[in-house]
Amino acid sequence: MVDSPWSERGGRKIGSLTLSPNAKQERTDMAVKLSGLKGMKGKHAIYLLFTSPIKDKSMCELHELTFRKAK
């Protein structure tokens, strides 16, 4: 989400990623194409939202976040 973690408060979803519950428990690089950024200028807040139907259990560990322009 950009600018707010809530869409009803002006936030916009710009990408998503689904984690498989059967994924190997090892460090894995993943890439997400971000949409809706065209024409956006200046500084904006970025929010990463993690949701799961399983309560009180770790979903993942985020070790690094990198942004790069698409080729």
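The values are calculated or read from the model by the stated rules, or taken from the named source; none is laboratory data. Note that the coordinates shown come from a computational prediction; the quantities given were computed from them, not determined experimentally. In this analysis, Cβ positions are derived from the backbone assuming ideal geometry, glycine residues included, and neighbour counts consider all displayed protein chains. Surface areas here come from the heavy atoms of the whole protein model, side chains and all, with no ligands, DNA or RNA. Shrake-Rupley method; radii C 1.70, N 1.55, O 1.52, S 1.80 Å.
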(message) Checking the condition part of a loop (DSSP other than H, G, I, E, B), at pLDDT below 85, out of contact with any Cys (no Cβ under 6 Å at 6 or more places or on another chain) and open to solvent by less than 100 Å² (accessible area, probe 1.4 Å), which residue from A31, A23 passes?
(response) A23
(request) Sort out which residues of region 36-54 are exposed (fewer than 11 other Cβ atoms within 10 Å of the Cβ) and among the hydroxyl-bearing types (S, T, Y), and write them in order of number. (result) T51
(request) Please tell me if G15 is assigned to a loop (DSSP other than H, G, I, E, B) and free of Cβ contacts under 8 Å to residues at least 12 places away in the same chain. (result) no
(request) State all residues of region 24-71 that are touching a strand residue (DSSP E or B) at 6+ places or on another chain (Cβ under 8 Å) and among the small types (G, A, S); if no residue qualifies, say none. (result) G36, A45
(request) Kindly check whether there is at least one residue in region 37-58 that is under 25 Å from S7 (Cα atoms), at pLDDT 85 or above, of a type in the set (D, E, K, R) and within 11 Å of the chain's Cα centre (by Cα). (result) no
